[in-house]
Amino acid sequence: MRLLVLAVAVLACGTRAASAQSELEDRVRNLESKMSDRENGASHSEATGNRSVIDAWFDDGLRLNSRDGAFEGRIGAFLILHSVAYVKENERDSVDTFRIRDAGIEVSARLWGAWSVFLAPQILPDGVNLYYGWAEFNKWEALKIRAGLFKQPYSREELEHRKWGDMLELSLSDPLIPGRDQGAMVFGVIADGLLSYWAGVFNGNGDDVASDENSDKDVCARVELNPGAAIESDILKHLYVAGSIIHGRERRDPNEPPIELAVQSTETEFLSAPAAAVGDFRVDGELTGLEGDVAWNFWKLELKSEYHYYRQEMEFDDRKDTFNAYSFNASVGFWIGGSRVPGQRPEIEKPLFSGGFGGLQFVARYSQLYVGSELQDHAGYVGTNRVREYAGCVNWYPNAHVRVSAMYANVEYGSERVTLSGGTTVDDENVWIFRAQVDF
């Protein structure tokens, strides 16, 4: 019996020893494997010049950052679908329709915390073009330099990204705003955010970015004051008061009007050339534009207003004259379940499918445009030189990246009737515009 117990004990000890030896051998193999991996990694690092690893994640687009901080990148995209419905369809040749209003890709990169590149090709059914494209030095907040194709620093309504404008179409001030152009600009924020400034020199061709027709350049500048940066007050935190100026020399093709004489929301020309030419004219001379704007956001409330003045020298058959135009717009908005600071993406408190319904924004806008009678008096243009628009819009954001909107606009054409493309004359129009949008 004693011999049997002794044999069992010896067998157990042998098994444990074998198990311990096996475990020790596994640990040695694991250690050798790790050492080999480290050696291989060091060799790879030496072969690639100690390149930094790139981390990728999704946050308002695909983000790419190097661990050494030398590179920051972002890739985003968006698609905007529009639908237009005219209340009195029989009055015009235009029909109710669906269309891709805008689509594009946005690619940005920043190197060594000082140099940036931004490219935004616009992709539409009829082709692809470069909507934005610039290089920038931005090491310091107080002084940045940008060169390329971008919006001139003029008008808060125009400077808002086309994805986040309160309304689905710009106001009647749009024809007086210079928009995108090629040039160079210095800008920055000083006094702890109290004052922002922009000053640039541009070709003066606007959306016609393919060529430059003359050596004259436009100078555009803007200053913006944010009193809330100097005063600790929730009421003044998002109050912005700004002004812009543009001055240059404009030269256009014969009989091309100085501004676009059409309403954005209805696409109707309110002032058009006569069927039979009365007299020739040409835009050739100094251009001056002035604008002032105010924006205030507090809690769920938004208030915005702009005033514009435009002056352009022209030549007619029998005389030289000056074309003048004025515009004013004001809007009020209110949020339920969300909010938005000017120039930034909306913030939605409880997104759809995350315990909430999303955010709703209600906006009402009034705008008016007056253009001088020079084209009517000397070139026989027909229509009206006074236009008013009353518009309302509801924007639903299921989350911060998806938008569904409906806008209604009533346009009044002053004391004169306007001839539509179908030949009917009217003194007002009504239109519904709908949008579905996804962006990241």
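The values are calculated or read from the model by the stated rules, or taken from the named source; none is laboratory data. In this text, all values refer to a predicted model and were calculated from it rather than measured experimentally. Glycine also receives a Cβ, built like all others from the backbone with ideal geometry; neighbour counts cover every protein chain displayed.
Checking K350 against (1) surrounded by 15 or more Cβ atoms within 10 Å (Cβ to Cβ); (2) under 27 Å from the mean Cα position of the chain (by Cα); (3) modelled with pLDDT of 95 or more, which single condition isn't satisfied? Answer for K350: the failing condition is (1). Applying the set (1) of a type outside the set (S, T, N, Q); (2) closer than 23 Å to H82 by Cα; (3) surrounded by fewer than 22 Cβ atoms within 10 Å (Cβ to Cβ); (4) modelled with pLDDT of 95 or more to G356 leaves exactly one unmet item: (2).
Given the criteria surrounded by 21 or more Cβ atoms within 10 Å (Cβ to Cβ), in contact with a strand residue (DSSP E or B) (Cβ under 9 Å, 6 or more places away or on another chain) and not basic (K, R), does V332 qualify? So V332 fails the test.
V426 fulfils the conditions (1) touching a helix residue (DSSP H, G or I) at 6+ places or on another chain (Cβ under 7 Å); (2) under 22 Å from P258 (Cα atoms) except for a single criterion, (2).
Counting only residues that are in contact with a Gly (Cβ under 8 Å, 6 or more places away or on another chain), assigned to a strand (DSSP E or B) and among the charged types (D, E, K, R), segment 316-326 holds 1 of them. Can you report the number of residues in segment 413-437 which are among the hydrophobic types (A, V, I, L, M, F, W, C) and either free of Cβ contacts under 8 Å to residues at least 12 places away in the same chain or assigned to a loop (DSSP other than H, G, I, E, B) (or both)? Here the count works out to 1. Which members of segment 264-309 meet the condition of being over 25 Å from A330 (Cβ atoms), part of a strand (DSSP E or B) and free of Cβ contacts under 8 Å to residues at least 60 places away in the same chain? Answer for segment 264-309, where residues must be over 25 Å from A330 (Cβ atoms), part of a strand (DSSP E or B) and free of Cβ contacts under 8 Å to residues at least 60 places away in the same chain: R282, V283, D284, G285, E286. In segment 84-109, the qualifying residues are those that are surrounded by fewer than 16 Cβ atoms within 10 Å (Cβ to Cβ) and out of contact with any Leu (no Cβ under 9 Å at 6 or more places or on another chain), and the one that is modelled with the highest pLDDT is A85. Residue count for segment 246-267, restricted to those that are of a type in the set (A, V, I, L, M, F, W, C) and either surrounded by fewer than 17 Cβ atoms within 10 Å (Cβ to Cβ) or more than 21 Å from the chain's Cα centre (by Cα) (or both): 3.
Taking segment 327-386 as the range and being of a type outside the set (S, T, N, Q), under 30 Å from D317 (Cα atoms) and assigned to a loop (DSSP other than H, G, I, E, B) as the test, the residues that pass are G372, G380, Y381. Return yes when E136 is at pLDDT 95 or above, buried (at least 18 other Cβ atoms within 10 Å of the Cβ) and either within 25 Å of R110 (Cα to Cα) or out of contact with any helix residue (DSSP H, G or I) (no Cβ under 9 Å at 6 or more places or on another chain) (or both) and no when it is not. Yes: the conditions hold for E136. Can you pull out every residue in segment 158-192 that is in a helix (DSSP H, G or I) and of a type in the set (A, V, I, L, M, F, W, C)? Matches in segment 158-192: L159, L176, A191. Flag set for D55, criterion: assigned to a strand (DSSP E or B), of a type in the set (D, E) and at pLDDT 90 or above. Evaluate the following for G337: is it crowded, with 16+ Cβ neighbours inside 10 Å, within 26 Å of the chain's Cα centre (by Cα), among the small types (G, A, S) and farther than 30 Å from V283 by Cβ? In short, yes.
Within segment 367-393, restricting attention to residues that are charged (D, E, K, R) and over 17 Å from D174 (Cβ atoms), the residue that is nearest to the chain's Cα centre (by Cα) is E374. Please indicate, with yes or no, whether at least one residue in segment 277-295 is surrounded by fewer than 16 Cβ atoms within 10 Å (Cβ to Cβ) and among the aromatic types (F, W, Y). For segment 277-295, residues surrounded by fewer than 16 Cβ atoms within 10 Å (Cβ to Cβ) and among the aromatic types (F, W, Y): absent. Within the option set H401, H378, being over 30 Å from D280 (Cβ atoms), out of contact with any Cys (no Cβ under 9 Å at 6 or more places or on another chain) and surrounded by fewer than 22 Cβ atoms within 10 Å (Cβ to Cβ) holds for one residue only, H401. Please go through segment 327-356 and pick out each residue that is free of Cβ contacts under 8 Å to residues at least 40 places away in the same chain and touching a Lys or Arg at 6+ places or on another chain (Cβ under 9 Å). The answer is A330, V332, F334, W335, I336, G337, G356. Taking each residue of segment 223-234 that is under 29 Å from M185 (Cβ atoms) and looking for partners that are of a type in the set (D, E, K, R) with beta-carbon atoms closer than 6 Å, six or more apart or interchain, yields G228/K237; A229/D192.
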